[in-house]
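Asks: The structure's right below; bear with me while I get my questions together.
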Amino acid sequence: MFSIKSTDDGVHADEDVKINGGNVNVAMSYEGIEGQSITINDADINVISSDDGFNAVSADSSSSGGFPGDEKCQININGGYVFMNTEGDGVDSNGNVDMSDGTLIVFGPQNGGNGARDYAGAFNISP
């Protein structure tokens, strides 16, 4: 088990975050996991954040407000179990979200522009 407490992002990369298996517990953070692309492959993830749980953003999309969608920004969930308790968006991508397997549970506000999912492109779910 990998466990993190932070007053900033729990996990942050300017480009790609990839988690292949294992257990990741972000017990306290501003944004749980942030990167240009976020890929989860059969991992168990628990995130508590005061803003977004997952945030796919690039320098280009953050400076333009993220609209229209930025094809460099991507969240991929390929199996595993993801649980989030957020005060911002659960899954936030300035591009697309693809989920091919697994479980995604998001607790959080549905006000002030925040919700379980926020994406500029498409949210694709495939079996």
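The values are calculated or read from the model by the stated rules, or taken from the named source; none is laboratory data. Only a predicted model underlies this, so the values are computations on that prediction, with no experimental measurement involved. The protein model used for the area step is the full one, side chains on, heavy atoms only, and it has no ligands, DNA or RNA in it. Shrake-Rupley method; radii C 1.70, N 1.55, O 1.52, S 1.80 Å.
Asks: Would you kindly find the accessible area of THR103, with a 1.4 Å probe and non-protein molecules such as ligands, DNA and RNA excluded, rounding to the nearest 10 Å²?
Replies: Solvent-accessible area, nearest 10 Å²: 60 Å².
Asks: Please calculate the 1.4 Å probe accessible area of PHE2, with all protein chains present, and give it to the nearest 10 Å².
Replies: 120 Å²
Asks: Continuing with the same structure: For segment 71-127, what does the convex hull of the Cα positions come to per residue, in cubic angstrom?
Replies: Expressed per residue, the convex hull around the Cα atoms of segment 71-127 is 71 Å³.
Asks: Using 0.36 nm per residue, how much length does the chain from GLU87 to GLU15 gain when fully extended, once their Cα-Cα distance is taken away?
Replies: Separation in residues times 0.36 nm, less the Cα-Cα distance, equals 23.5 nm.
Asks: For the chain, what value does the Rg/Rh ratio take when both radii are computed over Cα atoms and Rh is the Kirkwood radius, given to two decimals?
Replies: 0.93
Asks: Here's another thing I want to ask about it. Per residue, how large is the accessible surface of the chain? Use a 1.4 angstrom probe and give square angstrom.
Replies: Spelled out: the 1.4 Å probe surface of the chain, per residue, equals 49 Å².
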